[in-house]
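Read through the structure below, which is laid out as structure tokens, and then see the notes.
Values quoted throughout were computed directly from the atomic coordinates according to the rules given, and no laboratory measurement underlies them. Not measured: the values here are computed from a predicted model. Here Cβ is always computed from backbone atoms with ideal geometry, including for glycine, and neighbour counts include all displayed protein chains.
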Amino acid sequence: MLTPQTSPRTVYNTAASLDGYIATTDHSLAWLLSRESDESGPMGFTEFLAGVGAIAMGANTYRWILDNEGTQPWPYTVPSWVCTHREFPRRTDADIRFTSAEIPALHKEMTDVAAGKDLWIVGGGELAATFADHGLLDEIIVSIAPVTLGAGAPLLPRELELRMTELAANGEFACLRYAVVRGQS
Ligand SMILES: NC(=O)c1ccc[n+]([C@@H]2O[C@H](COP(=O)([O-])OP(=O)(O)OC[C@H]3O[C@@H](n4cnc5c(N)ncnc54)[C@H](OP(=O)(O)O)[C@@H]3O)[C@@H](O)[C@H]2O)c1
């Protein structure tokens, strides 16, 4: 196994079905949220989140949080950018920044704010792929749930060459970390 790249990295960390979807076609995550995992366990979320200084997500991911966790506190303490061309309700309990900036400008802004910590691309797949299009995605961490969905929101709709740097079992999930290999399509 190879040593993962050191911070600051731009990391797409997500959970997916075995057949490569991060949500069903109607944006349900029921297939995911019912699973057993240990956030403090191997490749767990607690350690990952501690290294993150800025977050980016797409509009539908933000919409999901509003619809499904709207009565709960915003789950992240670091600044969160929401990529969108739409108007959304603004939460007052968190540092949320709506943007339609080009990805290189967004990446620079996030990097400045993160002050040496990692950038987390939450999803969806097209947003993560756009960072990769600009050579600005360093790692992909995917936790694969033991289910196939047949259709849905794609994990990463691009051809990217990857190099596996870590592999672990955590609860029901197979967790994989990949470095994005630069200079290849
Ligand atoms: N399995 C997991 O761990 C996981 C993780 C994250 C998300 N999810 C789920 O996966 C689904 C993802 O939905 P999705 O595939 O539709 O992706 P998404 O990125 O959440 O939403 C896509 C929308 O975001 C906006 N957008 C994306 N990139 C942009 C950019 N560069 N600039 C400006 N706007 C941009 C566009 O909306 P507008 O232009 O119309 O505003 C676009 O239609 C959601 O259901 C989410 O809850 C699952």
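Seen from Ser143, the other residues with C-beta closer than 13 Å to its C-beta sum to a net charge of -3, counting Lys and Arg as +1 and Asp and Glu as -1.
Qualifying GluC sites (Glu not before Pro) in the stretch 42-150, where qualification requires a DSSP coil assignment and no more than 16 other C-beta atoms within 10 Å, comprise Glu87, Glu102. Loop-located trypsin sites (Lys or Arg not before Pro) in the stretch 35-86 (DSSP state not H, G, I, E or B) with no more than 15 neighbouring Cβ atoms inside 10 Å: Arg35, Arg86. As a size descriptor, the averaged projected area of the C-alpha convex hull of the stretch 47-111 was calculated at 4.7 nm². Annotation: amide H of Asn170 within the under-5 Å range of Cys175, sequence separation 5 or more or interchain, hydrogens built in the peptide plane. For the chain, the pair-distance distribution built from all alpha carbon pairs, in bins 5 Å wide starting at 0, is 1, 8, 16, 21, 23, 18, 10, 3, 0 percent.
Averaging the Cα positions of each part gives two centres, and for the stretch 92-128 and the stretch 11-30 these lie 20 Å apart. Estimated from the Cβ-Cβ distance and a Förster radius of 41 angstrom, the FRET efficiency linking Ser28 and Arg163 is about 0.80.
Residues within the reach of a label modelled at Glu47 (point 7 angstrom out along Cα to beta-carbon, backbone nitrogen below 15 Å), restricted to the stretch 106-132: there are none.
Sequentially through the stretch 163-176, phi angles give Karplus couplings (6.51, -1.76, 1.60; θ = phi - 60°) of 10, 6, 10, 7, 8, 8, 9, 9, x, 7, 9, 9, 10, 10 Hz, Gly and Pro residues having no value and appearing as x. Computed log10 I(q)/I(0) for the stretch 81-133 at 0.15, 0.27 Å⁻¹: -0.45, -1.30, from the Debye equation with unit scatterers placed on every C-alpha and solvent omitted.
Given R₀ = 25 Å, FRET efficiency for Val181-Thr84 by Cβ-Cβ distance, to 0.05? Intermediate values should be presented prior to the final figure.
On the way: r = 30 Å, r/R0 = 1.21.
After rounding to 0.05, the efficiency reads 0.25.
Note: the stretch 1-69, Cα convex hull, 140 Å³ per residue. Over all projection directions, the Cα-based convex hull of the stretch 77-172 averages an area of 8.5 nm².
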